[in-house]
Amino acid sequence: MRGDDARTGTLFSYVDLEARIGKSHPLRAIRQLVSEALATLEKQFSALYSPMGRPSIPPEKLLRAMLLQAFYSIRSERQLMERLEFDILFRWFVGLGINDQVWDHSVFSKNRDRLFEGDIAAKFLNAVLEQPRVKRLLSADHFSVDGTLIEAWASMKSFKPKDGADEPPAEGGG
């Protein structure tokens, strides 16, 4: 029997984000590790923010969103905010409810810069790497880099040759 292509006119919908994410999804384990690392930085977070004024983006949510941006190779904050607007998995990972407002990309960028200036992002990554479950996954024996990401993130014109010449290196050269 063919299903009906009619739009339901329900007024209310209750979505449990936790139930929508598969029990074996890889981001579940990552989110747990990230939350444990973020808990160790509570004092540093509090020191960065004034007790008065308008609330900002919680640093925990901001750092989780930045991880998603890296994991999924999202090129800009504007695109990240669009994914947060429509992607249930992203909302769940960051800690946004289904009805929560997504931040403006420029506000996100300003808050991100505050974390970078306060050296919080580096402390966060160190806190993740210091966890025993993560240490077992790391090795100093081998390191690989996908060159396509480096090429995409760095413009050839941004390189300055060591010989002082003003011309950028030839693209595609080896």
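Every read-out reported here was derived from the displayed coordinates using simple, explicitly stated rules and does not represent laboratory data. A quick note: this is a predicted structure, and the numbers were derived from the prediction, not measured. Cβ: placed from backbone, ideal geometry, glycine included. Neighbour counts: every protein chain shown.
Taking neighbour counts of Cβ atoms within 10 Å as a proxy for exposure, in what order, fewest first, do PHE116, PHE45, PHE93 appear? Can you show the working numbers first?
Values: PHE116 11, PHE45 18, PHE93 24.
Lowest to highest Cβ neighbour count: PHE116, PHE45, PHE93.
So what J values fall out for region 55-60 if you push phi through Karplus, 6.51 cos²θ - 1.76 cosθ + 1.60 with θ = phi - 60°, rounded to Hz, Gly and Pro as x?
So the Karplus estimates, Gly and Pro as x, are x, 9, 5, x, x, 4 Hz.
At R0 = 35 Å, how high is the FRET efficiency between GLN79 and ASP163 if r is their beta carbon distance? Nearest 0.05 is fine.
0.40
Fewest to most neighbouring Cβ within 10 Å: what's the order for GLU77, GLU117, GLU36?
Going from sparsest to densest Cβ surroundings: GLU117, GLU36, GLU77.
Which entries of LYS23/LYS135; LYS23/LYS123; LYS43/LYS110 show an alpha-carbon separation above 26 angstrom in the structure shown? List each step's numbers first, then the result.
Working: LYS23/LYS135 23 Å; LYS23/LYS123 29 Å; LYS43/LYS110 21 Å.
Over 26 Å apart, Cα to Cα: LYS23/LYS123.
Using the Cα centre of region 24-140 as the reference point, and only Cβ charges (+1 on K/R, -1 on D/E), how large is the resulting charge dipole? Debye, rounded to the nearest 20. List each step's numbers first, then the result.
Details: 17 positive and 13 negative charges, 57 e Å.
It comes to approximately 280 debye.
How many Å³ per residue does the convex hull of the Cα positions in region 24-140 occupy? Display every interim value, and only then the final one.
Working: hull volume 14.3 nm³, N = 117.
Taking the convex hull of the Cα positions in region 24-140, it is 122 Å³ per residue.
Normalising by the residue count of region 24-140, find the relative contact order in percent from Cα pairs under 8 Å and 6+ residues apart.
Working: 68 pairs, mean separation 40.3, N = 117.
Once normalised by length, the contact order is 34 percent.
Residue by residue through region 112-120, which ³J(HN,Hα) values in whole Hz follow from phi under the Karplus form 6.51 cos²θ - 1.76 cosθ + 1.60 (θ = phi - 60°), with glycine and proline marked x?
Going residue by residue, I get 4, 4, 4, 5, 5, 5, x, 6, 6 Hz, with x marking Gly and Pro.
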